[in-house]
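Report on one structure; see the data block that follows.
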Amino acid sequence: TTYIPSAEVYPPRQFAHMKGLFSSTIHGNVVGRLSFYRNTHTFPDNNFFVSAWVAQMFWEMRALNITQSISNILDHELNAAADETVNTLKQFRNQNSAHSNDLSISFWPQTYTAHCDYYCASEENLLRSLEQIDAYLLLLTAEAERLGLNATDVLKQLDHFALLVTHMLDTVFGIPADMDDTSVGLALTTLYLENTYGFGAASQTWLRSDFSGNIQSMTNALNAYSYRPWDAGDLNHNYIDPRTYFWLRHFLYASESNGDVGHGDSVKMSLTTTWQLSHDANAYNVQNRVCYQMPFAVNNVDATVAANVVFALTRSLIFMQSASSPPPQVWFDASTQQIYRNTTNMLLWVIESGWINKRPDLIFLYYPSRHDFYWFVSRTYAVFHNYMLNDALHISTMHDFPFIFDLY
């Protein structure tokens, strides 16, 4: 896409759209007298997550026979859309992975950056627009004056906004791969493994990719970047976003008081985090201006991200039984089992303790709505009861992991 370089022109003549992705939009979270900008100034967002979710919903619609009952034309269109989407989603594999077949997925498209020899994930539409911030502020000021707002007041707020944007460009845009998108990609793999439901081309395209079924690499990352609050002196595991610690500490205290930590494990507790990057690696990247960094230079625990991880692992225990995949006894080892158990208990605590209503803004850093969380958790519960409790074949595969039955 060609952008107009002149600072006097905003917005760009044409935003970039990746073929095969479904529509997603970025809104600025502006509050106060300028809150109307939240809806009037938006940017198309090319990301893996939304379209991967849509692909999953296509599968569920087909599984429930919704599309054919409505129209054969819709059913055909669904096939075509799924094919195109899956072909595009493959491009989001983490290009910085040590191995080309690692199951590691980035939220945004990646571009090679020569000066740091890294593939950097960023949203081109937003990045290019923010680079024109001066012209953007002039436009907003003129619009505010036209609406009768106090120009001096508006300029003060916009100057603060400009400083914030400058900080964001330095700290937020260049994100690493994450457990959320990786888990959604793994869940898509398990859906296609269960049944293609007519998505022959789409399912084969996804399943034949080098990385889609490499669950061992996913669980390796899960362990490498987990949060272990009692690992004294290990900043790669015990260093966490203060927004997370504000609420999570209550779960940690309650777990210790109830004797729910340890259980013979090598560490007292281990929870899934969001970003697939260690503290030490991030510090090196910050120091050397490598465009592959965690926002605000610290990892976090997001309950909804954690719910997606648990969902993907649960489905994998059921459907990753093919000859091309290692058996669960290999990839669902003791340390991964502990993350699964501790994280599931944390999700239950979020609901039962009432903290889901007290500070959803901190518990759900990436999903403001509690309804998303309830939906994600209920999907795992439904999968467990539909397959593990009612199917003798799947029950037999779980004998090595009896603790899972206690969780549900």
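The values are calculated or read from the model by the stated rules, or taken from the named source; none is laboratory data. Keep in mind that this is a model prediction, so the values were computed, not measured. Note that each Cβ is placed from the backbone with ideal geometry, even for glycine, and that neighbours are counted across all protein chains shown. Note: areas computed on protein heavy atoms with side chains; ligands, DNA, RNA excluded. Shrake-Rupley method; radii C 1.70, N 1.55, O 1.52, S 1.80 Å.
What the table shows:
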read-out: Cα-based reach from residue 90 at 19 Å (exclusive), listing lysines while leaving out same-chain residues under 8 positions away; value: 19
read-out: Gyration tensor verdict on the stretch 170-321 (Cα atoms; rounded if a/c is under 1.5, prolate if a/b is larger than b/c, oblate otherwise); value: oblate
read-out: Label-reachable residues, the stretch 273-290, where backbone N falls under 12 Å from a point 7 Å from residue 116's Cα toward its Cβ; value: 282-290
read-out: Solvent-accessible area of residue 377 with every protein chain in place, 1.4 Å probe, in Å² to the nearest 10; value: 40
read-out: Solvent accessible area, Å² - residue 38, 1.4 Å probe, full protein context; value: 80
read-out: Probe 1.4 Å, all protein chains present, accessible-area order of 239, 340, largest first; value: 239, 340
read-out: Cβ-based net charge around residue 309, under 15 Å, with every Lys or Arg adding one and every Asp or Glu removing one; value: -2
read-out: Over the stretch 271-363 - Rg/Rh using Cα atoms and the Kirkwood inverse-distance radius; value: 1.06
read-out: Order of exposure, largest accessible area first, which applies to 253, 374, 367 with probe 1.4 Å; value: 253, 374, 367
read-out: Positive minus negative residues near residue 247 (Lys, Arg vs Asp, Glu; Cβ under 9 Å); value: +4
read-out: Heavy-atom accessible area ranking, 1.4 Å probe, most first, across 90, 19, 358; value: 19, 358, 90
read-out: Residue 145 accessible area, assembled protein chains, probe 1.4 Å, Å²; value: 100
